[in-house]
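Asks: Okay, here's the structure, questions in a sec.
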Amino acid sequence: MRRPPDLFEVRLDRLVRVVGKLENKLPRLRAPLIITARHPDEGGANKLSLGQRRNLLTRFLPYAKYVDVELRSAFALNSLLTLADQKNVRRLISFHNFKSTPPPRILSSKARAAEAHGASIFKVATRTDTPIELARLLSFITNKTVDIPVSAMGIGKLGAISRVLLARAGSALVYASVAAGTDIEGQLSLKQLRTLGIGTMTKSE
């Protein structure tokens with residue numbers, strides 16, 4: 001890539017069958033990494049157990065700038081997060097809801113919980129099929145009650161416009177796909193977001 005993004009996200013749960021090849025190629029990337037091994041109930045692939053996810057994340061910590069752990073997993077993966085601190089890898093605590101967007105007060109509660117777990121960034125990705133759901137996400141990020149940066153994005157029918165609006169509203173990270181196509185409804189490509197003048201990070205699928 002002539003212009004790499006600020007960060008790449010590597011979805012280890014999706015790449016579990018090729019981790020050896022992946023590990024050999026990571027040094028060729030010209031941008032820092034966010035690593036994650038997503039919980040099955042928050043979109044994780046291959047139905048990985050907690051132990052499998054912990055082992056993957058531990059293996060790839062030396063390559064990471066951030067490790068992304070779901071809020072629901074933060075307590076169970078506390079030893080991993082402590083190890084990340086020792087290696088100067090920052091904590092990104094995330095929350096995903098693929099069915100709806102909860103009210104702003106619920107999102108604010110989760111953001112405060114993420115902050116209590118030592119998050120450097122709180123990431124929230126929720127379904128935005130309706131204007132009401134999109135308005136909830138916008139209200140949350142424009143009136144956030146935590147002192148840490150928040151990265152917010154919508155998924156679904158209004159996912160694309162949500163990413164543009166939330167970026168303009170101050171979302172700390174804007175996720176995009178490297179490829180022109182993606183299986184995440186509403187996610188734009190790196191090229192599309194750059195055309196719109198929005199800085200981005202990209203993710204593996």
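Asks: Restricting to region 4-28, name every residue that is touching a helix residue (DSSP H, G or I) at 6+ places or on another chain (Cβ under 9 Å) and free of Cβ contacts under 8 Å to residues at least 60 places away in the same chain.
Replies: Those that are touching a helix residue (DSSP H, G or I) at 6+ places or on another chain (Cβ under 9 Å) and free of Cβ contacts under 8 Å to residues at least 60 places away in the same chain: Leu12, Asp13, Val16, Val19, Leu22, Glu23, Leu26, Pro27.
Asks: In region 160-188, which residue that is in a loop (DSSP other than H, G, I, E, B), open to solvent by 40 Å² or more (accessible area, probe 1.4 Å) and among the aliphatic types (A, V, I, L, M) is modelled with the lowest pLDDT?
Replies: Checking each candidate, the answer is Ala180.
Asks: Okay, next question. Given the criteria open to solvent by 10 Å² or more (accessible area, probe 1.4 Å), outside any helix (DSSP H, G or I), at negative phi and touching a residue at least 24 places away in the same chain (Cβ under 8 Å), does Ile148 qualify?
Replies: Considered against the rule, which asks whether it is open to solvent by 10 Å² or more (accessible area, probe 1.4 Å), outside any helix (DSSP H, G or I), at negative phi and touching a residue at least 24 places away in the same chain (Cβ under 8 Å), Ile148 comes out as yes.
The values are calculated or read from the model by the stated rules, or taken from the named source; none is laboratory data. All figures in this text were calculated on a predicted structure; none of them were measured in a lab. Note that we place each Cβ from the backbone using ideal geometry, even for glycine, and neighbour counts take in every protein chain shown. These area figures cover heavy atoms from the full protein model, side chains too; ligands, DNA and RNA do not enter into them. Shrake-Rupley method; radii C 1.70, N 1.55, O 1.52, S 1.80 Å.
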